[in-house]
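Undergrad: Take this structure, written in structure tokens, and hold onto it; I'll ask about it next.
The values are calculated or read from the model by the stated rules, or taken from the named source; none is laboratory data. All values reported here derive from a predicted model rather than from experimental measurement. We place every Cβ from the backbone using ideal geometry, glycine too, and count neighbours over all the protein chains shown. Calculation scope for accessible area: heavy atoms of the full protein, side chains included, ligands and nucleic acids excluded. Shrake-Rupley method; radii C 1.70, N 1.55, O 1.52, S 1.80 Å.
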Amino acid sequence: MSHPWHILSYPLASEKIALANVAEQLSSVEEGAIVVLPEYLAYTRDNSLLALEYLVDVCRTRKINVMTTLNLVPDNLPHAEPGRNYNVLTIVNRHGDVYTPQAKITPQSFERVQFEEKFPAMNVGDYTHLNRVTLDINGQEHTAFFVICSDIYSLLLGVQHIEHLKADYAIVPGNFGNKAERAVDRILRRFRDGGVFRTTIFSNPYQVLKDPSKAPLVQQATEYVERSEDEQVIPLTDWDRIQLFKENVAVYPDEFVPSFVHMTGLTIKDEGRLTVGLKRFATNVTIDTYSPIISL
């Protein structure tokens, strides 16, 4: 790679297994690397605190930068409700500094509510802002939007004016069900072609099955794609965004999807669809700015 970005994945397993897998991968990345991991390196509150403690230590020791999401009560998230936990973007830089500039706008039904005790208790809050972030990479400043998993939906219908979304990077830490990664690829490609994002970055976990005849719940996907300066821009209209929504998104009544497994029954529809719960469908997203510059 000619850039410092490493787009990594990990197996969909217990939180401890996922963290151990990531720890092994991080042991071999070079100093100064910027590592993007899928959504939810840890999804319960207790294990999120343990994962954060590990990330601060490994980033400071190895002088690397890591991006993922954790279930935390954020210290410096704009517009957060005090004391509320969110599925929050967590960036730890090479100095061990922690930034939380974004939280998930469209948490799935089972993230918002624990429907049954056998399912993990996440109970994250709803967020309403998409915050433009400034990243200082080797002395050069770049703008970025962090679009957490199904928040890609907000690019299509949640944000009114397409020009407000323009940025150097769109970074998508995902945890999409089987085939939804195809919908993500189609949407991000169209936003690159439209000149909205110069570079798109996407990471999804994966499931390893002992029985190869069965379809995994999650398919691995890692992407780092730059739009060339000489590529022709194909304007992205509001009509285009509506069509992308119609072809790539499934909206469901929240109580019909009490778990991740239930959600994957929707992501396999057609050519792959990402999902949004009905209770977050009508969310109006406010574009804002995260004021600290994140030095990587």
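Undergrad: Out of the total accessible area of the chain (probe 1.4 Å, heavy atoms of protein only), what percent is carbon and sulfur? Could you put the intermediate results ahead of the total?
TA: Details: 6420 of 12850 Å².
With neighbouring chains kept in place, the figure for the chain is 50 percent.
Undergrad: So which GluC sites (Glu not before Pro) in the range 197-296 are both in a DSSP loop and have at most 14 other Cβ atoms within 10 Å of their Cβ? Mind showing how you got there, number by number?
TA: Values: sites: 223, 226, 229, 231, 247, 255, 271; in loops: 229, 231, 271.
Those satisfying the criteria are 229, 231, 271.
Undergrad: If R0 is 30 Å, what FRET efficiency do you get for residue 24 and residue 3 from their C-beta distance, rounded to 0.05?
TA: Values: r = 23 Å, r/R0 = 0.76.
Taking R0 as 30 Å, the efficiency between residue 24 and residue 3 is 0.85.
Undergrad: Then there's this: Cross-link candidates for residue 246: which aspartates and glutamates have Cα within less than 14 Å, leaving aside residues fewer than 8 places away along the same chain?
TA: Correct list for residue 246: 238, 270, 271.
Undergrad: Still on this structure, I have one more. What length, rounded to one decimal in nm, is gained on full extension from residue 208 through to residue 246, with 0.36 nm per residue of separation minus their alpha-carbon distance? Don't jump to the answer; show the numbers that get you there.
TA: Working: separation 38, 0.36 × 38 = 13.68 nm, distance 3.09 nm.
Length gained, residue 208 through residue 246: 10.6 nm.
Undergrad: Report, in whole Å, the centroid distance computed from the Cα atoms of the range 253-296 and the range 132-191.
TA: 13 Å
Undergrad: Would you mind checking which residues have amide H under 5 Å from residue 72's amide H? H placed 1.01 Å from N; only 5 or more apart, or other chain.
TA: Those qualifying (amide H under 5 Å, at least 5 residues apart or on another chain) are 86, 88.
Undergrad: Turning to a different aspect of this structure: Restricting to the range 144-265, what percent of DSSP beta bridges are antiparallel, rounded to 5? Let's see the in-between values first.
TA: Working: 6 of 15 bridges.
Around 40 percent of the beta bridges assigned by DSSP in the range 144-265 are antiparallel ones.
Undergrad: Using DSSP, restrict attention to beta bridges with both residues in the chain and report what percent are antiparallel, rounded to the nearest 5.
TA: On the way: 22 of 50 bridges.
Looking only at bridges with both residues in the chain, the antiparallel portion is about 45 percent.
Undergrad: Order 101-111, 83-93 from most to least packed using the mean count of other Cβ atoms within 10 Å. The partial results should precede the final answer.
TA: On the way: 101-111: 26.3, 83-93: 22.4.
Highest-to-lowest ranking by the protection proxy: 101-111, 83-93.
Undergrad: Right, next: Taking the Cβ of residue 152 as the center, what net charge do the other residues with Cβ under 15 Å away carry, scoring Lys and Arg +1 and Asp and Glu -1?
TA: On the way: positive: 104, 179, 182, 186, 189, 190, 192, 241, 246, 273, 280; negative: 39, 151, 181, 185, 223, 240, 247.
So the environment of residue 152 carries a net charge of +4.
Undergrad: Zone of residue 164 (label point 7 Å along Cα→Cβ, backbone N under 14 Å): which residues in the range 254-296?
TA: Under 14 Å, as judged by backbone N against the label point of residue 164, lie 283-290 of the range 254-296.
Undergrad: Counting each DSSP H run of 4 or more residues in the chain as -39500 (n - 2.57), what helix-only mean residue ellipticity at 222 nm follows after dividing by all residues, to the nearest 500 deg cm²/dmol?
TA: Values: 7 runs with 71 residues, N = 296.
Dividing the helical sum by the residues of the chain leaves -7000 deg cm²/dmol.
Undergrad: Among DSSP beta bridges whose residues both lie in the range 46-205, state the antiparallel percentage, nearest 5. List each step's numbers first, then the result.
TA: Values: 16 of 25 bridges.
Antiparallel bridges: around 65 percent, rounded to the nearest 5.
Undergrad: Related question: What do you get for GluC sites (Glu not before Pro) in the range 31-60 restricted to DSSP loop and a cutoff of at most 14 other Cβ within 10 Å of the site's Cβ?
TA: On the way: sites: 31, 39, 53; in loops: 31, 39.
Passing both the DSSP loop test and the Cβ count: 31.
Undergrad: Can you give me the Cα centroid spacing of the range 67-99 and the range 214-237 in angstrom?
TA: 26 Å
Undergrad: Also, I was wondering about something else. Which ³J(HN,Hα) values in Hz, rounded to whole numbers, follow from the phi angles of the range 41-49 under the Karplus curve 6.51 cos²θ - 1.76 cosθ + 1.60, where θ = phi - 60° and Gly and Pro get x?
TA: After applying 6.51 cos²θ - 1.76 cosθ + 1.60, I find 4, 9, 10, 9, 5, 5, 6, 5, 5 Hz.
Undergrad: For Rg/Rh (Cα atoms, Kirkwood Rh), which listed value, [x] 1.04; [y] 0.93; [z] 1.26, comes from the coordinates shown?
TA: The calculated read-out lines up with [y].
Undergrad: Any idea what the dipole of the chain comes to, in debye rounded to 20, about its Cα centre with Lys/Arg Cβ at +1 and Asp/Glu Cβ at -1? List each step's numbers first, then the result.
TA: Numbers: 28 positive and 37 negative charges, 94 e Å.
Around 460 debye, computed over the chain.
Undergrad: Determine the relative contact order of the chain: mean sequence separation of Cα pairs under 8 Å and six or more apart, normalised by residue count, in whole percent.
TA: 20 percent
Undergrad: Under 5 Å between amide hydrogens, which residues at least 5 positions from residue 106 or on another chain qualify, with H placed 1.01 Å from N in the peptide plane?
TA: So residue 106 has HN proximity to 151.
Undergrad: Give a residue-ordered list of calculated ³J(HN,Hα) values for the range 231-238 (Karplus: 6.51 cos²θ - 1.76 cosθ + 1.60, θ = phi - 60°; whole Hz; x for Gly, Pro).
TA: Calculated HN-Hα couplings, in order: 6, 5, 7, 9, x, 9, 8, 4 Hz.
Undergrad: I'd like the Karplus ³J(HN,Hα) series for the range 181-198: coefficients 6.51, -1.76, 1.60, θ = phi - 60°, whole numbers in Hz, and an x wherever there's a Gly or Pro.
TA: 4, 5, 5, 4, 4, 5, 5, 5, 4, 5, 6, 5, 4, x, x, 6, 10, 7
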